[in-house]
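Everything on this sheet refers to the single structure shown next.
Please treat every number below as a calculation from the coordinates, not as lab data. Because the structure is a prediction, the values reported are computed rather than measured. Reconstructed Cβ throughout: ideal geometry from the backbone, glycine too, with neighbour counts over all protein chains shown.
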Amino acid sequence: MKLRKADEKDIQTLVELYLQGYKGLEEYAYTHPEDAQAYMNWLFRRDADGMWVAEDGGRSVGFVAGDGRWFSKREGGVVGAIHELVVLPEFRRRGIGRSLVEKVFEYFREKGLEKAELWVGDENTEAMNFYKKLGFEERDRFNYWVRMIKRL
Ligand code: ACO
């Protein structure tokens, strides 16, 4: 498994990974390819430097979208946001998600950020357990989203 920086040329691949990775979790995701594409464009516009792709044998199998200049209203300052993280189902539980997130932590620390923040669906227990394992703690909620924070 190899991690590499994402490039705008990857957008179509990321759309496919996203749509496949969110099967069964549709209530928390865009399901139309056009919406998913607009979302990927938004992620690149937010912070292209915070995006990495995981490859296995030359195939893209996951990605992370970090954002090193996100103003968190609830924290009252700039934090490192993890907007998106997906690993294809057949490649899960091999440490790929962890490697992607650790890459983003490194990037946030290089920028001098002190906290990482994310929002996860309240019934997405797999992702929540994953993030707890990586040191995130639940802070508060908004509708069906749970906000989690980790000190970097
Ligand atoms: N249940 C419990 N613990 C888990 C699970 C799970 N399903 N998945 C991972 N973990 C924990 C384990 O402790 C694991 O270590 P172990 O396998 O040695 O026990 C540790 O997290 C690291 O797991 P990885 O193998 O690195 O994680 P993986 O590559 O499977 O990716 C991910 C996890 C990205 C959450 C994956 O399940 C996924 O793509 N889910 C669908 C999309 C999604 O929900 N993304 C997060 C949305 S919220 C957001 O991004 C802000």
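In this simple spin-label approximation, Glu8 and Gln37 carry label points 7 Å from Cα along the Cα→Cβ vector, and these lie 1.5 nm apart. Spread over its residues, the convex hull of the C-alpha atoms of the chain is 105 Å³ per residue.
Charge dipole (Cα centre; +1 on Lys/Arg Cβ, -1 on Asp/Glu Cβ; no other charges) of region 2-114 amounts to roughly 340 debye. Within the shell defined by Cβ-Cβ distances under 14 Å, the residues around Thr31 carry a net charge of -4, with Lys and Arg each +1 and Asp and Glu each -1. I'd like the distance separating the alpha-carbon centroids of region 29-64 and region 80-144, in whole Å. For region 29-64 versus region 80-144, the Cα centre distance is 15 Å. Cross-link reach is defined here as a Cα-Cα straight distance under 29 Å, omitting same-chain residues fewer than 8 places apart; for Lys115 the lysines meeting it are Lys2, Lys5, Lys73, Lys103, Lys132, Lys133, Lys150.
A protection proxy built from the mean count of other Cβ atoms within 10 Å ranks the segments 36-49, 75-88, most packed first, as 75-88, 36-49. Sorting the segments 11-19, 143-151 by their mean number of nearby beta carbons within 10 angstrom, highest to lowest, gives 11-19, 143-151.
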